Amino acid sequence: MLKQILLIILCFFLLVACDMQEYPAPPGSDRKEILIYSGMTMIKPLLEVSKLFEQQENCVVKITYGGSGHIMRSVQINKIGDLFFPGNKLYIDELAEQEMIEETALVGYNQAALFVQPGNPKQITPDLHNLTDARFNVVIGSETSGAIGRETKRILDNFGIYQQVIDNALYLTTDSKGLNRAMRSHDADLVMNWKAVGYFPENKGKMEILPHPEEPLHRRPLVIGTLRYSQNPKLAGKFLRLISSETGQQIFQKFGFLD
């Protein structure tokens with residue numbers, strides 16, 4: 001009963017709150033700038049590429065980031081910005097169908113994984129059905145707000161256990177950042193998150209990836225696209241080419257998006 005009450009309360013906050021943040025341009029800057037909408041998980045390598053691009057092009061890169069579902073809705077409503085970089089290609093496909101995407105490039109791959117507490121103290125096996133086990137505190141991403149939640153639903157629907165996992169979950173969270181927080185705060189014994197977050201320095205020693213057969217957890221293309229509403233399409237195109245270049249690939253490899 002406690003799990004169900006917590007789930008209802010947190011679902012309400014998911015509906016009324018949007019965990020989006022922004023890296024703004026320096027005040028008083030008169031350089032050309034581009035605005036990128038990004039999913040939460042890719043923000044670290046994206047910032048590294050952006051700093052390199054600013055040096056090369058003498059420009060400013062602004063980044064608005066959050067759950068991929070939230071940032072997609074921002075693009076649809078605001079109709080401004082230069083690039084869209086969600087955690088799942090399905091969001092790119094949706095905007096492409098609405099003729100809002102001009103050009104795309106493959107950057108890397110996202111792959112879901114099961115995470116447990118360090119040392120796996122509850123001896124949880126790499127079986128997706130453990131997400132339905134009431135002995136474990138399970139936290140998952142919301143399908144409406146973030147790419148990992150959408151991917152989690154897709155995977156668990158294929159196994160026919162999504163509703164069972166929802167019923168067993170301690171709560172839902174908006175995105176991969178919320179799942180990381182659930183592990184670091186010891187709210188959760190078991191989560192499904194993007195594998196790449198296990199490479200982040202702040203997560204090392206705070207969570208452990210369970211090995212799992214590749215078949216149910218396919219790698220998903222990580223794709224960035226330029227927006228039809230871009231005010232600086234040439235600059236946006238240059239960024240697209242840098243992030244998908246060998247230099248960009250090396251950066252994303254370092255953060256676990258090409259393993």
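Bear in mind these aren't lab numbers, they're just calculated from the coordinates by the rules spelled out. As the structure is a prediction and not an experimental result, all values here were calculated from the model. Here the Cβ positions follow ideal geometry from the backbone for every residue, glycine too, while neighbour counts run over all protein chains shown.
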Considering only G160, G81, G69, give the residue with the highest GNM mean-square fluctuation for the chain, with springs between Cα atoms whenever their separation is below 10 Å. G160
State the extension gain, in nm to one decimal, for the chain segment bounded by H129 and N78, taking 0.36 nm per residue of separation less the distance between their alpha-carbons. 14.3 nm
Just name one of P118, S145, I209: the one whose Cα is farthest towards the positive end of the charge dipole of the chain (beta-carbon charges, Lys/Arg +1, Asp/Glu -1). P118
To the nearest 20 Debye, how big is the dipole of the chain about its Cα centre, given +1 on the beta carbon of each Lys and Arg and -1 on that of each Asp and Glu? 420 debye
Have a look at Q164, G39, S185 and report the one farthest towards the positive end of the charge dipole of the chain, computed about the Cα centre with Cβ charges (Lys/Arg +1, Asp/Glu -1). S185
Need one number: nm distance between label points at R219 and K62, each 7 Å from Cα along Cα→Cβ, rounded to one decimal. 3.5 nm
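Indicate the gyration tensor shape class of the chain (rounded, prolate or oblate), computed on the Cα atoms with a ≥ b ≥ c the square roots of the eigenvalues: a/c under 1.5 is rounded; otherwise a/b larger than b/c is prolate and the rest oblate.
Prolate, because a/c is 1.5 or more and a/b exceeds b/c.
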Taking the stretch 22-114 and dividing mean pair separation by its residue count, relative contact order in percent (alpha carbons under 8 Å, at least six apart): 32 percent
What net charge do the residues around A96 carry, taking every other residue with its C-beta under 15 Å from that of A96, with Lys and Arg at +1 and Asp and Glu at -1? -4
Sparse-neighbourhood loop sites, GluC sites (Glu not before Pro) in the stretch 74-109 - DSSP loop, at most 12 other Cβ within 10 angstrom: E99
Cβ-placed point charges (K, R +1; D, E -1), dipole of the stretch 97-204 about Cα centre in debye, nearest 20: 580 debye
Taking a ≥ b ≥ c as the square roots of the Cα gyration tensor eigenvalues, with a/c under 1.5 meaning rounded and otherwise prolate when a/b beats b/c, else oblate, which class fits the stretch 112-259? prolate
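Just need the relative contact order of the chain here, percent rounded to a whole number, with Cα pairs under 8 Å and 6+ apart. Please report the intermediate quantities before stating the final value.
On the way: 517 pairs, mean separation 73.6, N = 259.
Relative contact order comes out at 28 percent.
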Within the stretch 31-115, trypsin sites (Lys or Arg not before Pro) in DSSP loop having at most 14 other beta-carbon neighbours inside 10 Å: R31, K32, K79
Please list, in order along the stretch 152-167, the HN-Hα scalar couplings obtained from phi with the Karplus expression 6.51 cos²θ - 1.76 cosθ + 1.60 (θ = phi - 60°), rounded to whole Hz, x for Gly and Pro. 4, 4, 4, 5, 6, 4, 4, 8, x, 10, 4, 5, 5, 5, 4, 5
Report the FRET efficiency, 1/(1 + (r/R0)^6), for K32 and Q98, where r is their Cβ-Cβ distance and R0 is 22 Å, rounded to 0.05. 0.25
Taking only the alpha carbons of the stretch 204-244, what extent do you get along each of the three principal axes, in Å, biggest first? 44, 27, 17
Taking a ≥ b ≥ c as the square roots of the Cα gyration tensor eigenvalues, with a/c under 1.5 meaning rounded and otherwise prolate when a/b beats b/c, else oblate, which class fits the stretch 67-179? prolate
